[in-house]
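Everything below concerns the one structure shown next.
The values are calculated or read from the model by the stated rules, or taken from the named source; none is laboratory data. Here the structure is a predicted model, which is why all the values come from computation and not from measurement. Note that each Cβ is placed from the backbone with ideal geometry, even for glycine, and that neighbours are counted across all protein chains shown.
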Amino acid sequence: MLKYTLIPLLPLISFVINILFGRNAIKDKAHWIAVPAVLGSFVLSLSAFTDVLSGNTININFYNWIISGDFNVPIGLLIDPLTAVMLIVVTSISSLIFIYSIGYMHGDKGYYRFFAYLSLFVFSMLTLVMANNFLVLYFGWEAVGLCSYFLIGFWFEKKSAVNAGKKAFIVNRFGDFGFGLGVILIFLTFGSLEYAKVFPQAGSVVGQTINILGYDINTITLICLLLFCGAVGKSAQMPLHVWLPDAMEGPTPVSALIHAATMVTAGVFMVARCNPLFTLSSTAMTTVALVGGTTAIFAASIGLVQNDIKRIIAYSTVSQLGYMFLALGMGAYTAGIFHLYTHAYFKALLFLGSGSVIHTLHDEMNIQKMGGLKKYMPITYWTFLIASLSISGIPGLSGFFSKDEILWRVYAGGGMGKFLWALATIAAFMTAFYSFRLIYLAFHGKFRGTHEQEHHLHESPSIMTVPLMLLAVGAVAAGWVGIPHILAPHSDRIGEFLAPVLGHPKGEGTHAEEWFVMGLSTVIGLAGILTAYAMYGKKTDLPQKIGSAFQPIYKLLYNKYYVDELYDKTIVRPVLNASQKVFLGFLDGKIIEGTVNGIPALIGAFGERLRKIQTGMISHYGLVMAAGALIIIWIVIF
Amino acid sequence: MVLDNTILLGIRLISPELILICTGLFLLLLDILIKRKETVAFAGLIGIFLSIWVNLKLSSLGLSGNVFSGMFVFDRYGSFFKLIFYITAILTILISLRYLTIQKGGIGEYYALILFATAGMMFMASASDLIVLYLGLELMALSTYILTGILRGQIRSNEAAIKYFLLGAFSSAILLYGISLTYGLTGTTNINEIASSLQALNLLKSPMLFLGLIFFIVAFGFKIALVPFHMWAPDVYEGAPTSITAFMSVGPKAAGFAVFGRVFFEAFGSLHLEWSGILITLSILTMAIGSILAIQQTNLKRMLAYSSISHAGYAILGIISATPEGVSGMMNYLLIYTFMNIGAFAVLIMLNSEGVRGEELSDYEGLAKTHPLASFIMLIFMFSLTGIPPTAGFMAKFYLFMAAIKAGYMPIVIVAVIFSVVSAFFYLRVVMYMYMKEPKGEVALSTSGSLNLALIITAAVTLLIGIFPSVFLEIAKASVGGL
């Protein structure tokens, strides 16, 4: 039991030590505490995984946090197959990224702070996935958001970083508000927050409705949609995706860990965790699938024309998360989690690779100003290539298996399945295209940066390249645990492993159809790569020609469908204006200043009067006492 | 023989108090013989631990009941409060050592007086007769008057002592008036007998009784600093030595709540409807005045004084609801408040060094940069006083408010929650100063082993109760069984 408890606790200890003693005592040795802690968690997670593999499910309630009548909140953890997979993903990738950060963050003056926050994040994320009830889940959910905020704004001297942090935080508020309501509604409906009590009861609530403003709304549907609100925010789905690309202002290891591999997948995890509820509401399922499918293609299309290396990968993340939700919405929970798992490796690799590039180019992120990096940084190039091939769905690599699984399940899922499958397949083409556009522009051709930069080009130190190579192994091999049965019977081990929690996907199809889906996705992936080669692999003016021929579309994509501008006009500006009017016009700007200085004018003026009574004269004090007593006597007796 | 046995039992049951008083007397002697004040303090601590041990022994023997012709009662209700007093006394001694050296106030009476005051509070908690109650209260009050003024060289300490003494005498007079009115009506000073004779003599509608009742409210309200009987508190808390402010803001306050509960539930339980109305008004006033004026303060000690006033406003909800959950919620609240409030004062003491008071808000600017650990501990206390999970303060409020809601006092709980939010302003302002401002200069911390120990205990307990609250709640719940 201690073993399981230590999994989240080790990073927490690392956080406490680093934050308390980092500034004065530990300084640039912070990794000596953080790395062993997270490696320890990894080893323990492996051990927990083998326990689950041998058929155990660990569900421990440590104690009751609050007992008050019928309100009872236990603190406990649950390690079932789903959690076990998440544990492996979170701790293995965290370990590699922690090691990578030793090199990447070397010499940063916030070095200890970085490792402290990163450790806190790992603790929060592990709490989130190991929760056995909704309150602990909610705690982890909010805590990872807070860490994300800290880390996006890590370089707080940079205004853009601070703004991006705020944006992430505020956008997530919208989603989390819904999520919080969902948790409350679960308690009201089921009288408990424990998974083990809520999920078995789910069936009995079917058909129950709740009256809101005169409309009868299906309770389960409402719960699921509210929970999904949280997922949309955290996992950056439309329409709350706007924060994720901006979050790239944070240090690259953060982008890799939090904004690619782990935190943003929390929404996917949560929906999968709540599959007993979601399965009961076709409305909620359809919503999940539609949001996922449209986000997949929408984000991929933006990624086609961006020039910032990290933003391309960020849109790719949004798009891939869309795939996962698409799978969940079609009832293929295992496929969604499988993709979460493989995606974590190749996406973390892409980010760390881009970090390696940015590191050597001294914070240059525009791929138009790169080129020819292949010969300077071979390890970065080859690992980056492997990740790109994986995400493009080239057979044999991780991404192929998980993406194919999703495409097939969506195709066979019935209902809107065929339509969503078509969307996803087009998105797959785009994925391959933007991935290789990035490869050709950054690594091939001639270097387009300054001579100064060219002079300093070098491969990153081995503390950074070794994690890249290890992640590359994951990007190749992680998917081998889920080989479809038409290729090798009984090799979908992850599907079978997760089936006790997530069930078997519904939907039927012939072998011929399955071959067709697989073949088409392979062809589409290769086509995307070839198109990228045709446009960027050789020296042509094709990109410019196409760009000018489809000027409006190009501009629309380049400006990310103007979503940010739209929000700015419809939400941010009006709110800002209104609050400025209220605070600056109505209440006078001095209040803000006054609040900081400690005397809010409103209460202040009132308090000032009250304070006058406190004269310091004993006779006055006695008088107040006597008067008080007399008033009470007068009121009570007369 | 029967008589002898009951007297013997009585002496056994008051032996914890006797030990404290004897230790106190011994300390007075020791002070003359020994130069090192630490030794005196240490001897005092030994006396307290001896008293705790005896108390536990008595409880484990299953002894309980009324002794000395029903004047003294040994029950779980009283024992829980005594636990609070013991903790208060121990922590106060721990935080006093270094502080007194800096303030040049290290005299032996100091520790003896703390023990006397503690014994007085223990008598209050165990009093089942108004006379014993009064004696205990005076023993406590007289000791604290002196302690307030013990820094003879400092004007503000003297001023505080004289204010406290005069107003305290005023409130004692009112208490005696209340006692005599009740005695005149019922013919008894025994708390249990008052209740039965109120019924028997059909006195429940007597205006004289109400007058007596109100006098009790005034006098007890003075001790726990309910508005409008709180006027002394800010001045006295600010002027007293910080270690004594810490002591007064928890120990005598808890003692006030103990007698409040005992008298109002046992003697005047049948008049709950009447007195709860008065208390609700006072409670709202207290929360409001305490919070609003705390915002005004830039001196942390004074801010904590007002905060302590507003906390009394919350805790009185337990008396108002008058249910077992409410009372155990209140006891829980007071226990938790003891740790977090003494802890906050201990941080204040740590910032106090030669020539630097370390009480102004500006002294905390950028403390997190220069002393991260001290700031973090202060942050725990400020969060806890605000009532933010996972600190003990949240649990304290949660259980108390929950109990009040169940007892049907929803509106006043809403008011209490609103003022909790207001209070976040002045607690979190301290955190803001520590973490978001740049340090102005090097701040020297005057740490010492005993102060560190007190800080570790208070911070650890504040966090532990926040994370594992059920254990502590069970103790509080079990204690109400005695009432």
task = From A:Phe179, A:Phe156, A:Phe187, grab the single residue that is at pLDDT 85 or above and surrounded by fewer than 22 Cβ atoms within 10 Å (Cβ to Cβ).
result = A:Phe187
request  = May I ask you to list the residues in the range A:188-211 that are small (Gly, Ala, Ser) and touching a helix residue (DSSP H, G or I) at 6+ places or on another chain (Cβ under 7 Å)?
outcome  = A:Ser192, A:Ala202
inquiry  = Among the numbered criteria (1) within 23 Å of B:Lys369 (Cα to Cα); (2) within 13 Å of chain A (Cβ to nearest Cβ); (3) at pLDDT 85 or above, which one does B:Thr458 miss?
reply    = (2)
task = Pairs only if they're at least six apart or on different chains, beta carbon under 6 angstrom, first in the range B:426-438 and without any contact (Cβ under 8 Å) to a residue 60 or more places away in the chain, second of a type outside the set (Asp, Glu); list them, first residue then second.
result = B:Val431/B:Leu379; B:Val431/B:Met382
message = Please verify whether B:Asn202 is part of a loop (DSSP other than H, G, I, E, B) and surrounded by fewer than 20 Cβ atoms within 10 Å (Cβ to Cβ), treating the condition exactly as stated.
response = yes
ask   = Out of curiosity, is A:Val305 surrounded by fewer than 24 Cβ atoms within 10 Å (Cβ to Cβ) and touching a helix residue (DSSP H, G or I) at 6+ places or on another chain (Cβ under 6 Å)?
value = yes
ask   = Do any residues in the range A:9-28 that are within 12 Å of chain B (Cβ to nearest Cβ) have Cβ atoms under 7 Å from those of residues that are basic (Lys, Arg) and assigned to a helix (DSSP H, G or I), where the two are at least six apart or on different chains, and which pairs are they?
value = A:Gly22/A:Arg113
task = Return the only residue of A:Met324, A:Met330 being surrounded by 24 or more Cβ atoms within 10 Å (Cβ to Cβ) and modelled with pLDDT of 90 or more.
result = A:Met324
Qualifying helices (runs of 4 or more DSSP H) (wholly inside the range B:211-313; at least 3 residues being at pLDDT 90 or above and within 14 Å of another protein chain (Cβ to nearest Cβ)) = B:232-239, B:272-296
inquiry  = For the range B:397-404, check the following and say yes or no: at least one residue is more than 22 Å from the chain's Cα centre (by Cα) and part of a loop (DSSP other than H, G, I, E, B).
reply    = no
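Tell me the helices (runs of 4 or more DSSP H) entirely within the range A:414-523 that contain at least 2 residues that are touching a residue at least 60 places away in the same chain (Cβ under 8 Å). Can you show your working first?
Numbers: elements: A:417-443, A:451-455, A:462-477, A:493-502.
Once the helices (runs of 4 or more DSSP H) in the range A:414-523 are filtered for at least 2 residues that are touching a residue at least 60 places away in the same chain (Cβ under 8 Å), what remains is A:417-443, A:462-477, A:493-502.
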request  = Output yes when any residue across the range A:77-97 is within 14 Å of chain B (Cβ to nearest Cβ), out of contact with any Lys or Arg (no Cβ under 8 Å at 6 or more places or on another chain) and crowded, with 17+ Cβ neighbours inside 10 Å, and no when none is.
outcome  = no
key: In the range B:193-203, the residues that are touching a residue at least 24 places away in the same chain (Cβ under 8 Å) and in contact with a helix residue (DSSP H, G or I) (Cβ under 6 Å, 6 or more places away or on another chain)   = B:Ile194, B:Ala195
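Of all residues in the range B:329-374, how many are charged (D, E, K, R) and part of a helix (DSSP H, G or I)?
Adding up the residues that qualify gives 2.
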ask   = Scanning the range B:246-282 for residues that are among the polar types (S, T, N, Q) and in contact (Cβ under 8 Å) with a residue 60 or more places away in the chain, which turns out surrounded by the most Cβ atoms within 10 Å (Cβ to Cβ)?
value = B:Ser249
inquiry  = Would you confirm whether or not the range B:292-303 contains a residue that is within 16 Å of the chain's Cα centre (by Cα) and among the small types (Gly, Ala, Ser)?
reply    = no
request  = Kindly provide the set of residues from the range A:109-131 that are under 12 Å from A:Leu78 (Cβ atoms) and either surrounded by fewer than 24 Cβ atoms within 10 Å (Cβ to Cβ) or of a type in the set (Lys, Arg) (or both), ordered by number.
outcome  = A:Thr127
inquiry  = Quick test of your reading of the structure: A:Ile313 fulfils all but one of (1) surrounded by fewer than 24 Cβ atoms within 10 Å (Cβ to Cβ); (2) assigned to a helix (DSSP H, G or I). Name the failing condition by number.
reply    = (1)
ask   = Taking the condition more than 8 Å from chain B (Cβ to nearest Cβ), surrounded by 14 or more Cβ atoms within 10 Å (Cβ to Cβ), over 30 Å from B:Val227 (Cβ atoms) and modelled with pLDDT of 75 or more, does A:Tyr558 pass?
value = no
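Residue by residue, here is whether (1) small (Gly, Ala, Ser); (2) modelled with pLDDT under 85 holds:
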site	(1), (2)
A:Ile386	no, no
A:Ile406	no, no
A:Gly417	yes, yes
A:Leu441	no, yes
A:Thr465	no, yes
A:Val473	no, no
remark   = All-but-one check, B:Gly449 against (1) in contact (Cβ under 8 Å) with a residue 60 or more places away in the chain; (2) more than 14 Å from every other protein chain (Cβ to nearest Cβ), failing number (1)
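For every residue, the table says whether it meets (1) within 12 Å of another protein chain (Cβ to nearest Cβ); (2) in contact with a Cys (Cβ under 9 Å, 6 or more places away or on another chain); (3) under 13 Å from B:Ala444 (Cα atoms).
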position	(1), (2), (3)
B:Ile316	no, no, no
B:Ser321	no, no, no
B:Glu325	yes, no, no
B:Gly329	yes, no, no
B:Ala346	no, no, no
B:Thr370	yes, no, yes
B:Met378	no, no, no
B:Phe383	no, no, no
B:Ala392	no, no, no
key: Unmet requirement for B:Ile465, which otherwise passes all of (1) under 30 Å from B:Val73 (Cα atoms); (2) facing chain A (nearest Cβ under 10 Å)   = (2)
